[in-house]
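See structure below.
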Amino acid sequence: MNSNEWPLVFFTLLSQMTAGIIIISFIVGLFVRNSELLSDFELKRNYFFVSLVLMVIALAISFFHLSAPLQSVFALANLQTSWLSREIFCMSMFTFLIAVCCAAVKFGIPGISGLPYWHIAAAFTGLLLVWIMARLYMIPIVPAWNNYATMIGFFTSIFLLGGVALLVILVVTGGKSFPFDQLKPVMWALIVVVSLAVVAKLLNVFLFQSGISFTGGSLPPPEAPFSWHVIHVIFFVAGFFLLAYWAYSQMQHTELYRPQMVYLSFALLFVSEIFGRAIFYALYYRLGM
Amino acid sequence: MGKKQLAFYFDSSSCSGCKTCQVACKDKHDSGEGILWRRVYEAAGGDWVKDGNAWVPNVYSYYISMACNHCVEPLCLYSCPNNAIVKNDDGIVLIEKDRCMGCRYCEWNCPYGALQFDKSQGVMTKCTFCDDYLAEGKKPSCITACPMRVLDIGELEELEKEHGKSNEIFPMPRAHYTQPAIVVKPHRDARMAENVEMKIDNLEEIKNEQ
């Protein structure tokens, strides 16, 4: 893996986590609509502001990948055939829509008061962004990437990181006073989303393996350091089981139960995803020369 | 085809692997450290075979001199977000350096390793077909330098009429990805693209790690 690809690891993970926060918060909002929980959940809309900050950081990091960042003014010049151009366009739209959601929440700007519509637009753009991101990497001459493992892997990151991040935002926002007892359906929804993402991630291992075991290339297939695989797996298992234990314990309590466990779980899963993504980049090799 | 498409011709059957073309290209363009717009690949394969009661070596090797193939369907051009890669009226694929932001996405997309990053300039670089020489009526530096006269240029259609369509010799990829504008006269031991029994013997020498 080239050192210039490390910014891409963080850029892709942060933007996918943000897409996850926006998409999942919208889905969860649908589930709790028409109930008293709605006001509790919607009052705590810090996730829009956190999302905006995350996207700004992701965008800033993406510039470190460029060796001539000033020329990025031309980056939308080839929407016709370049997936990268499309990604940059979609990412800009996504960030703009999150900013509008923030403005709607914070200032109640006339004309953009219909927050749910902007939220829908942002969630849809987030989905589109991650789909375009995956297509960007599905290059015909790169066997390790040119399969649906890339698509599934990226969408898994949305729901894994986005789900846990939303849980962290909920816990941080709520503190001791938060009505966790009433919000059990929301938390269950998040736990289910994260669990499904974990199952998809495990199944995806086999699909990804078929891509990297391709033997028709003239260049030797690269390998990621073994330690990266170890950290990826151990942190993932530890993070998931810690989260599962916390979720089980929280269900037994009416007040917030040991929030540190949620933070630690998020940190473990995020580090695991960093190494998982680094392995993804390290396994790039192309057919031909 | 319709539009003009210049192409390289390479006679692998007569190439001695001296790498004069590689040096001439580097010298002409004064390309930076680690950059090789033209590279000579040493393809090798073979094994021991049983001959009566004895095991004898059955090894073979040949050379492939390769630069940018100015493909008919250039994936580098299609992938560049900045439209910094263009194809001119002669079918030559060129980089407009002042539009390149150095994202290196074209490098990922080229199956011939033609796009090479220049760390000192912070932009991608590639073979220009010595378009300045062409404008003066001269041939590219790699061609005129070759002592074996195994390199040449011409119209792709004419070269294919004269020598046949041959553009996926190992270690080249399958031609359908980009339709490279090159005709290769294969060595007698040449194998087809994506052959799993052969390898490139001089990877350390030719890879660009910038």
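The values are calculated or read from the model by the stated rules, or taken from the named source; none is laboratory data. This is a predicted model, so every value here is computed, not measured. In this analysis, Cβ positions are derived from the backbone assuming ideal geometry, glycine residues included, and neighbour counts consider all displayed protein chains. Areas reflect the complete protein model, heavy atoms only, side chains present, ligands, DNA and RNA absent. Shrake-Rupley method; radii C 1.70, N 1.55, O 1.52, S 1.80 Å.
What lysines does B:LYS126 reach when the alpha-carbon gap must be under 16 Å and sequence neighbours fewer than 8 apart in one chain are set aside? Correct list for B:LYS126: B:LYS26, B:LYS28, B:LYS87, B:LYS97, B:LYS207.
Comparing B:GLY102, B:GLY164, B:GLY52 in a Gaussian network model of chain B (Cα springs below 10 Å), the most mobile by mean-square fluctuation is B:GLY52. Taking all protein chains as they are arranged and a probe of 1.4 Å, the heavy atoms of A:VAL53 leave approximately 90 Å² accessible to solvent. Hey, what angle do you get for helix B:20-29 against the long axis of chain B, alpha-carbon based, 0 to 90 degrees rounded to 10? Tilt relative to chain B: about 10 degrees. Entry comment: accessible area of chain B is 45 Å² per residue, from protein heavy atoms only and a probe of 1.4 Å.
Translational diffusion of the range B:6-206, estimated by Stokes-Einstein from the Kirkwood radius over alpha carbon pairs at 20 °C in a medium of 1.002 mPa s, is 121 µm² per second.
Probe radius 1.4 Å, ligands and nucleic acids left out: can you give me the accessible area buried at the B-A interface, summed over both chains, in Å² to the nearest hundred? In total, this chain pair buries about 3000 Å². In terms of distances greater than 27 angstrom between alpha carbons, the cross-link table entries A:LYS201/B:LYS119; B:LYS4/B:LYS161; B:LYS4/B:LYS119 yield A:LYS201/B:LYS119; B:LYS4/B:LYS119.
Hey, got the average number of other protein chain Cβ atoms within 10 angstrom for residues in A:69-76?
Working: counts 4, 1, 11, 5, 3, 10, 6, 3.
Whole-number average of other-chain Cβ neighbours for A:69-76 is 5.
Taken about its Cα centre, the range B:6-206 carries a charge dipole of about 200 debye when Lys and Arg each add +1 at the Cβ and Asp and Glu each add -1 at the Cβ. When the Cα positions of A:VAL205, B:LEU6, A:GLY29 are compared along the charge dipole of the protein assembly as shown, A:GLY29 comes out farthest toward the positive end, with charges on each C-beta of Lys, Arg, Asp and Glu.
With a sphere of radius 10 Å drawn around the Cβ of B:GLY46, what net charge do the other residues whose Cβ falls strictly inside it have (Lys, Arg +1; Asp, Glu -1)? With Lys, Arg at +1 and Asp, Glu at -1, the net is -3.
Annotation note: GluC sites (Glu not before Pro) in the range A:213-289 located in DSSP loop regions with a Cβ neighbour count of at most 14 within 10 Å are A:GLU223, A:GLU255. Note on A:LYS106: aspartates and glutamates with a C-alpha under 17 Å away, same-chain residues under 8 apart excluded, are A:ASP40, A:GLU42.
Place a +1 charge on the Cβ of each Lys and Arg in the range B:57-127 and a -1 charge on the Cβ of each Asp and Glu, then give the dipole magnitude about the Cα centre in debye, rounded to the nearest 20.
On the way: 6 positive and 7 negative charges, 43 e Å.
Using only the charged Cβ atoms, the result is roughly 200 debye.
Element breakdown for the protein assembly as shown at a 1.4 angstrom probe: carbon and sulfur atoms account for 61% of the accessible area. The charge dipole of the range B:2-90, taken about its Cα centre with unit charges on the Cβ atoms of Lys, Arg (+1), Asp and Glu (-1) only, comes to about 160 debye. Using a simple spin-label model with pseudo-atoms 7 Å out from Cα toward Cβ, A:GLN260 and B:GLU158 lie 8.0 nm apart. Between B:ASN53, B:ASN82, B:ASN195, the GNM of chain B built on Cα springs shorter than 10 angstrom shows B:ASN53 fluctuating the most. Note on B:GLU96 and B:ASP51: their simple-model spin labels are 6.0 nm apart, each label 7 Å out from Cα toward Cβ.
Mind checking A:136-142 for the average number of partner chain beta-carbons within 10 Å of each residue's beta-carbon? Present the calculation step by step, with values, prior to reporting the outcome.
Working: counts 4, 1, 0, 7, 8, 10, 3.
That average works out to 5.
Scanning chain B for GluC sites (Glu not before Pro) that sit in a DSSP loop and have at most 10 other Cβ atoms within 10 Å, the longest stretch containing none of them is B:34-135. From the alpha carbon centroid of the range B:154-210 to that of the range B:50-86 is 4 Å.
Could you compute the net charge surrounding A:LEU8? Neighbours are other residues with a C-beta less than 14 Å from the C-beta of A:LEU8; K and R count +1, D and E count -1. Display every interim value, and only then the final one.
Details: positive: A:ARG277, B:ARG104; negative: A:GLU5, A:GLU87, A:GLU273, B:GLU107.
Here the charged neighbours net out to -2.
Rolling a 1.4 Å probe across all protein chains gives B:ILE206 an accessible area of roughly 10 Å².
Modelled spin-label separation between B:ASN195 and B:ASP89, with each label point placed 7 Å from Cα along the Cα-to-Cβ direction: 4.2 nm.
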